[in-house]
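All of the numbers you see were taken from the coordinates with simple rules; none came from a lab. Computed from a predicted model, the values in this text were never measured in an experiment. Please note: Cβ atoms are built from the backbone with ideal geometry, for glycine as well, and neighbour counts cover all protein chains shown.
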Amino acid sequence: MKTDNPVKLSCRNVWKVYGENPDQFFQNGSGQVDDLEKVGQQIADSGHIGAACNVSFDVHEGEIFIIMGLSGSGKSTMVRCISRLVEPTAGEVLMDGEDLLKISDKELIEFRRHKMGMVFQNFGLLPHLTVLENIAFPLKIQGISEEKRLARAREVIDLVDLTGREDSFPRQLSGGQQQRVGIARSLAVEPEIWFLDEPFSALDPLIRRQMQDEFMRLQKMLHKTIVFITHDFLEALRLADRIAIMKDGKVVQIGTPAELVLSPADDYVMEFTQDVPRVRVITAGEIVINGGSTDGLPRVNASSNLEQIMPMFANHPEGMAVERDGEIIGLVTPQAVVNALASESNSNGA
Ligand SMILES: Nc1ncnc2c1ncn2[C@@H]1O[C@H](COP(=O)(O)OP(=O)(O)OP(=O)(O)O)[C@@H](O)[C@H]1O
Ligand SMILES: [Mg+2]
């Protein structure tokens, strides 16, 4: 599992408070407060806005970590705090253990230029530059020679399937193509951490779905550490290793898609998850039975969902062997599937 990988990025008690005097709420910069509720109340009562309140999470190497929540819940604020496009009021943001809030401006510029990739909802392309020039632009800022940066730009153009459109201008491209340029540009610098803030929200559903597939294909090759923002739970389900749900600047729950669907922390989380078909969320790995013989049984991957494995029971009513990372971890049976779905519908009162 991705959460077994080392932690790449860690947010600890991060706050972003807007208003007249946001520092008054924090004795020291750590962001740890004795009484969270009280401080939240003081912030609101004094006319300040708590855009991010005591946010803590870890993102592991190679993980796709999704931040979800309604409009205004603080998602963009959090990615901007991590990249210090906005300065957090308090807290720590650790990248490979180093506090990004304490590094010098010079180191920060280095971090942004070399280690970080960012994709925006509105694509953010430079209209007067061609596709090729847009993609090579971050490398130009790095001072890389024209020959090298154009060669690298061509490589990523190929990666995102835009070969042939190098000399087009952004206005000559469809929304999906423009976002491919945005993705290519962010990848040109080979970032160690990749931030995507609602990258597909401006696209119509069909293109959106294609872009999600495309994104997963890229991630299979590149294994980036990713913080991805969306307010679409189905998108989160398709892409996420784990999801953090934000509300009013706070993280309400962090978990795998299945954890959120099966045990939502409160009504707010349930609102997001209630329409999601359980069969698409529960995986073989979550209902695996340890022990018992799996000799001669076909194998299914632990990450396969019930929708994918159920048809196989027609030919293999005795069950299937479940494998994770090439090792058999147990057995999945029709009864285990029925139990999982039945207990779920009971607990939902359905
Ligand atoms: N510069 C600012 N000054 C004051 N308040 C701000 C500022 N920027 C953001 N906010 C407030 O902080 C809160 C969080 O905003 P943020 O942009 O992080 O939300 P979001 O979850 O990304 O929403 P959306 O889904 O609409 O993009 C909102 O209440 C917003 O009005
Ligand atoms: Mg936003």
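Need one word for the stretch 91-157: rounded, prolate or oblate. Basis is the Cα gyration tensor (sqrt eigenvalues a ≥ b ≥ c); a/c below 1.5 gives rounded, then a/b vs b/c decides. It comes out prolate by the Cα gyration axes. Kirkwood radius, the chain, all distinct C-alpha pairs, inverse of mean reciprocal distance: 22.2 Å. Quote to one decimal, in nm, the extra length available between residue 98 and residue 310 on full extension: 0.36 nm per residue of separation minus the C-alpha distance between them. Here the segment from residue 98 to residue 310 would lengthen by 71.7 nm. With neighbour counts taken as other beta-carbon atoms within 10 Å, the residues 324, 238 rank, fewest first, as 324, 238.
Taking a ≥ b ≥ c as the square roots of the Cα gyration tensor eigenvalues, the stretch 42-151 comes out prolate, since a/c reaches at least 1.5 and a/b is larger than b/c. Computed from label points 7 Å out along Cα-Cβ, the spacing between residue 318 and residue 107 is 6.0 nm.
Which of the residue pairs 115/247; 2/102; 102/148; 75/148; 148/224 have a Cα-Cα distance greater than 25 Å in the structure shown? Cα-Cα > 25 Å for 115/247; 2/102; 102/148; 75/148; rest within. The stretch 197-268 and the stretch 79-125 have Cα centres lying 21 Å from one another.
Note on 245, 82: ascending count of other Cβ atoms within 10 Å places them as 82, 245, the fewest first.
Of the peptides 69-80, 300-311, the ranking by mean beta-carbon count within 10 Å, highest at the top, reads 69-80, 300-311.
Beta bridges from DSSP with both residues in the chain: antiparallel share about 55 percent, rounded to the nearest 5. Shape analysis of the stretch 119-240 places it in the prolate category; the axes a ≥ b ≥ c from the Cα gyration tensor give an a/c of at least 1.5, with a/b above b/c. Our estimate of slack between residue 209 and residue 190, defined as 0.36 nm per intervening residue step minus the Cα-Cα distance, is 4.4 nm. Listed from fewest to most Cβ neighbours within 10 Å, the set 198, 107, 87 follows the order 87, 107, 198. Using a Cα-Cα cut-off of under 15 Å, which aspartates and glutamates could be cross-linked to residue 140, ignoring same-chain neighbours fewer than 8 residues away? Filter leaves 110, 190.
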